[in-house]
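Worksheet for the structure shown next.
The values are calculated or read from the model by the stated rules, or taken from the named source; none is laboratory data. Just so we're clear, the structure is a prediction, and the values are computed from it rather than from any experiment. In this analysis, Cβ positions are derived from the backbone assuming ideal geometry, glycine residues included, and neighbour counts consider all displayed protein chains. Note: areas computed on protein heavy atoms with side chains; ligands, DNA, RNA excluded. Shrake-Rupley method; radii C 1.70, N 1.55, O 1.52, S 1.80 Å.
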Amino acid sequence: AMSVIGDRRSREQKAKQEREKELAKVTIKKEDLELIMTEMEISRAAAERSLREHMGNVVEALVALTN
């Protein structure tokens with residue numbers, strides 16, 4: 001039972017690492033980042049994360065942050 005849990009955790013961790021690599025490849029515009037930081041009053045990291053998760057689409061990132 002413990003090996004099953006360990007295998008599941010390692011698979012989840014590997015999937016999370018691959019997701020982070022994919023997000024790192026997304027290019028974002030500095031002005032979009034500044035806009036989100038200013039309008040939503042959030043940190044640079046949070047704004048960048050939202051933009052990357054929405055493939056650089058500033059409108060989708062803003063909508064996600066407001067919901």
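Computed about its Cα centre, the charge dipole of the stretch 2-66 is approximately 480 debye, with only Lys, Arg, Asp and Glu carrying charge at their Cβ.
Largest mean-square fluctuation among Leu51, Leu35, Leu23, in a Gaussian network model of the chain whose springs join Cα atoms under 10 Å apart, belongs to Leu35.
Round to a whole number: what % of the accessible area of the chain belongs to carbon and sulfur, probe 1.4 Å?
With neighbouring chains kept in place, the figure for the chain is 52 percent.
The residues of the chain present an accessible area of 79 Å² per residue when probed at 1.4 Å with all protein chains retained.
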